[in-house]
Amino acid sequence: MRDQATGTAPGKLILAGEHAVVYGHPAVAVAVNRGTTVQLRRRPGPTRVERAILHDARLHEAMLALLPPEGVGVHIESSLPVGRGMGSSAALAIALARAWFTLQGQEPDFQQLHEAGFKVERVFHGNPSGIDHAVAAIEGAVRYRNLPDGPEIEPLTVPSLELVVLDSGLAGDTRLLVQRVRDQRLVLQPVIAEIGALAERFIEALEMSAPPEVLGHMMTENHALLGRLGVSTVNLDRLARFALDAGAHGAKLAGAGGGGVVIALVDDPELLLRAAGKAGVPAFSVTVGG
Ligand code: MEV
């Protein structure tokens, strides 16, 4: 029997289709080169989170969605900002699931990993679509649909894209925002459908290696639709405008909104990073796809 095991998983950025994906529309998300590591160790006494960089009241409950109440110590490390739409809870869910399967000497297939991750994600996010932890489990780009009979997940080949992530410095509450959209679903239905149609066009454009101008324009359109859905904020709108003024091809909030990050598609990250530095906006670059 193993005494300890480690699991890792990356965070994600949604390029198009957040929120609408909860209602069966397609969305596309990519893994990023930041992530979470979970180390599990057998220990006497109750299962306990012994070290964590994130402090969330739901953390213990989330661990017990997979782990037994007795006998496991949990160490969590992450390079993902929490509550910023970069899939920190999904990366935690999949890293935990990987470590737990390994501790038991099992090698899960994708389905088992995704289902285990869902149990943890539901503690954090209520009723999520599952896109975040699908990306964490695949560790690449996916086209995702949340269908009544189960998710439809297709790995995607995405051309190399240079993104700059601009951090609003505020955490958004995914559970609350998803619920707020759900409560107004009837009124918001046309906007949700528009986001879904846009995401479908975006995926086609990605598959045809459309130029960044075209992709960027769609990202900016997606941001405006998310604003109509009520999940953007003055701050996020300002950051998107800032990126466009600094020459980005397009910019959108990424994730649930209400805070979190804006992603900007650029040719040269340095230009926008320098402008962000001067304006005091926390920012970093991420290359996805390729
Ligand atoms: C959150 O990263 C993405 C949302 O679409 C919620 C979900 O898909 O569960 C806002």
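Only Lys, Arg, Asp and Glu carry charge here, each on its Cβ (+1 for the first two, -1 for the last two); on that basis segment 216-278 has a dipole of about 220 debye about its Cα centre. Relative to the Cα centre, the charge distribution of segment 1-72, modelled as +1 at Lys and Arg Cβ and -1 at Asp and Glu Cβ, gives a dipole magnitude of about 260 debye. Computed over the alpha-carbon pairs of segment 36-105, the distance histogram in 10 Å steps reads 21, 59, 19, 2 percent, short to long.
Using C-alpha pairs below 8 Å separated by at least 6 residues, the relative contact order for the chain is 23 percent. Report note on the peptides 220-229, 63-72: ranked by the mean count of other C-beta atoms within 10 Å, highest first, their order is 220-229, 63-72. Between residue 127 and residue 171, the modelled labels are 2.4 nm apart [label points 7 Å from Cα along Cα→Cβ]. Measuring nothing but alpha carbons in the chain and taking Rh as the Kirkwood radius, the Rg to Rh ratio lands at 0.98. How charged is the neighbourhood of residue 17? Take every other residue with its Cβ under 14 Å from the Cβ of residue 17, and add Lys/Arg as +1 and Asp/Glu as -1. Spelling it out: positives minus negatives among the neighbours equals -3.
Counting only aspartates and glutamates at least 8 places from residue 278 when in the same chain, those with an alpha carbon closer than 13 Å to its own are 270.
Using alpha carbons only, how many degrees (0 to 90, rounded to 10) separate the axis of helix 174-183 from the longest principal axis of the chain? Once rounded, one gets 60 degrees. Taking the C-alpha atoms only, the angle from helix 185-207 to the longest principal axis of the chain is near 90 degrees. Mark the label point 7 Å from the Cα of residue 1 along Cα→Cβ and return the residues of segment 105-135 whose backbone N is within less than 18 Å of it. Within reach of a label on residue 1: 105-107.
Is it possible to state the helix-based mean residue ellipticity at 222 nm for the chain, with each DSSP H run of 4+ residues giving -39500 (n - 2.57), the sum divided by total residues, to the nearest 500 deg cm²/dmol? What is it?
-13000 deg cm²/dmol, from helical runs alone.
Ranked highest first by average number of other Cβ atoms within 10 Å, how do 164-171, 99-106, 187-194 line up? Each step should come with its number before you reach the end.
Numbers: 164-171: 20.2, 99-106: 16.9, 187-194: 15.0.
Output ranking for 164-171, 99-106, 187-194: 164-171, 99-106, 187-194.
Does segment 73-163 classify as rounded, prolate or oblate by the C-alpha gyration tensor (a ≥ b ≥ c root eigenvalues; a/c under 1.5 gives rounded; else a/b over b/c gives prolate, otherwise oblate)? It comes out rounded by the Cα gyration axes. Ordering 150-157, 4-11 by mean Cβ neighbour count within 10 Å, with the highest value first, yields 4-11, 150-157. Dipole check for the chain: with +1 at the C-beta of Lys and Arg, -1 at the C-beta of Asp and Glu, and the Cα centre as origin, the magnitude is about 880 Debye.
When you restrict to C-alpha pairs under 8 Å that are six or more residues apart and normalise by the size of segment 164-236, the relative contact order lands at 40 percent. Local charge for residue 116 was computed over the other residues whose Cβ lies under 15 Å away, with Lys and Arg +1 and Asp and Glu -1, and equals -2. At a 1.4 Å probe radius, carbon and sulfur cover how many percent of the accessible area of the chain? On the chain, the fraction of accessible area on carbon and sulfur atoms equals 51 percent.
The values are calculated or read from the model by the stated rules, or taken from the named source; none is laboratory data. Source: prediction; values computed, not measured. Positions of Cβ are backbone-derived with ideal geometry, glycine not excepted, and every protein chain shown enters the neighbour counts. Keep in mind that these areas ignore ligands, DNA and RNA; they rest on the heavy atoms of the full protein, side chains included. Shrake-Rupley method; radii C 1.70, N 1.55, O 1.52, S 1.80 Å.
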